[in-house]
Amino acid sequence: QVQLVQSGGGLVQTGESLRLSCTSSGSILGFAAMAWYRQAPGAQRESVASITQAGNRDYADIAKGRFIISKDNTKNRVYLQMNRLKPEDTAVYFCAAKITGPVYDIWGQGSQVTVSS
């Protein structure tokens, strides 16, 4: 069973940058897409960004212009570069993958990102 292991995260100040990484135990070429989600305290999990096997990217409004999703097929890794962070970006960030269909069904363990004002 494929596993996603996340790294990165932590405490930063407003305006700073942070990069999250997500490494798959298997080849990411087998995934139709990978994505990043986040969940703030008391809120529902929300989509942040996604990238298809072909490399097509899609961003939620919260991420447009500030976050960049990328992947390295040789390292079986997907990244989320987060720039100009704001306190409202504070959340647990999750990496996700799907092999087929609309539902992301493989999830990473989550990474806490805290942005102080």
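Derivation of every value follows stated rules applied to the coordinates shown; laboratory data play no part. None of the values given here were measured: they were computed from a predicted structure. Note that we place each Cβ from the backbone using ideal geometry, even for glycine, and neighbour counts take in every protein chain shown.
Computed values, structure above
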| read-out | value |
| --- | --- |
| Sites VAL2 and ASN83, calculated FRET efficiency, Cβ-Cβ separation with R0 30 Å, nearest 0.05 | 0.55 |
| Neighbourhood net charge (12 Å Cβ-Cβ; Lys/Arg +1, Asp/Glu -1) for CYS22 | +3 |
| ARG57-ASP105 FRET efficiency (beta carbon distance; Förster radius 25 Å; 0.05 resolution) | 0.75 |
| Gain upon complete extension [ARG45, THR14; 0.36 nm per residue less C-alpha separation] | 9.0 nm |
| Interchain or long-range residues, amide H under 5 Å from LYS71's placed H | TYR79 |
| Sequence-separation-based contact order of the chain, relative, with Cα cut under 8 Å and 6+ spacing, percent | 36 percent |
| Residue-wise HN-Hα coupling along segment 110-117, computed from phi with Karplus coefficients 6.51, -1.76, 1.60 (Hz; x: Gly, Pro) | x, 9, 7, 10, 10, 10, 8, 8 |
